[in-house]
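Report on one structure; see the data block that follows.
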Amino acid sequence: MARIFCVANQKGGVGKTTTCVNLAAALQLAGQRTLLVDLDPQGNATMGSGIDKRALQKSVYHVLVGLATLDEARANSPSGGYDVLPANRDLAGAEVELVDLERRENRLRDAFKQFDAEYDFVLVDCPPSLSMLTLNGLCAAHGVIIPMQCEYYALEGLSDLVNTIKKVHANLNRDLKIIGLLRVMFDPRMTLQQQVSAQLESHFGDKVFDAIVPRNVRLAEAPSHGMPGVVFDRAAKGAQAYMAFANEMIERVKTL
């Protein structure tokens, strides 16, 4: 049975897509059958996986509105080896169209059902807002991975996200829980980041992943080559951190 995880944070620019792409590639390298679902109309996870979003015949948009099955729309990442349910600008229109459809918040969950046995992990890259797209991701998922920077504003946004997850759990998806918080773009030289990191550990305890992803130029360069950072330069510190994170996820899933 596939374990479905949303990578979500209502704050933009916190490394959600970087985390999704690199975790998918690292899990695939660790022998896990992985599907990455791009739910962001910008299509960055699609491009970062080496798939041209401008050339798509079918995408996650077609799956959500019932014009294609997951099997018809998915593609394989040539650089990462994992499967991708890709996205492009078409997805922006899904927000409006989903409003009038039956089971509008469960369209993604329904699409997964017949392919449940084909994957070990499904990762959903959510847009940086609480939209109908994000809601579809949260309703389909078993848990949420929250990437966050160790900065003051990030803490402010975290409380809003936790409240949103509680509401979805109470009203729409009883399986949903917070799997863990991943500290990203971490600079140990900054005292504030160390203080926020310590606050997270004291407040959330074992919900905070041991793996910490540092600021890393090679991770930032990888998307321009259409490759995950763990493939582009596996020796880089950022890539090593995502490999450690993937191993931690595999262990954590065993205890769910």
If N is the residue count of the stretch 46-120, its Cα Rg over 2.2 N^0.38 Å rounds to 1.11
If you count the DSSP beta bridges with both ends in the chain, what percent of them are antiparallel, to the nearest 5? 5 percent
Net charge of Cβ neighbours under 9 Å - reference R103; Lys, Arg +1; Asp, Glu -1: 0
Volume of the Cα convex hull of the chain, divided per residue and given in Å³: 112 Å³
Which entries in K16/K113; K177/K254; K167/K254 show an alpha-carbon gap greater than 20 Å? K16/K113; K167/K254
Rounded to whole Hz and in sequence order, give me ³J(HN,Hα) for the stretch 165-175 from the Karplus expression 6.51 cos²θ - 1.76 cosθ + 1.60, θ = phi - 60°, writing x for Gly and Pro. 4, 4, 5, 5, 4, 6, 10, 10, 8, 5, 7
Note: L101 to A30 extended length (0.36 nm per residue) minus current alpha-carbon separation gives 21.7 nm
Calc'd 3J(HN,Hα), the stretch 90-97, phi into Karplus 6.51 cos²θ - 1.76 cosθ + 1.60 (θ = phi - 60°), Hz, glycine/Pro = x, comes to 3, 5, 4, x, 5, 3, 6, 5
On a full-extension model of 0.36 nm per residue, what is the gain between S224 and M190, subtracting their alpha-carbon distance, rounded to one decimal in nm? 9.4 nm
Does the stretch 140-230 classify as rounded, prolate or oblate by the C-alpha gyration tensor (a ≥ b ≥ c root eigenvalues; a/c under 1.5 gives rounded; else a/b over b/c gives prolate, otherwise oblate)? oblate
CD proxy, 222 nm, the chain: helix-only mean residue ellipticity via -39,500 (n - 2.57) per DSSP H run with n ≥ 4, per residue, nearest 500, stands at -12500 deg cm²/dmol
When Lys and Arg each count +1 and Asp and Glu each count -1, what net charge do the other residues less than 9 Å away from D83, Cβ to Cβ, add up to? +1
Where Lys and Arg each count +1 and Asp and Glu each count -1, what net charge lies around Y153 among other residues with Cβ under 12 Å from its Cβ? -2
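Quick note: the coordinates plus some simple rules give every number you see, no bench work behind them. Note that the coordinates shown come from a computational prediction; the quantities given were computed from them, not determined experimentally. With ideal geometry, Cβ positions are generated from the backbone for all residues, glycine too; neighbour counts draw on all protein chains shown.
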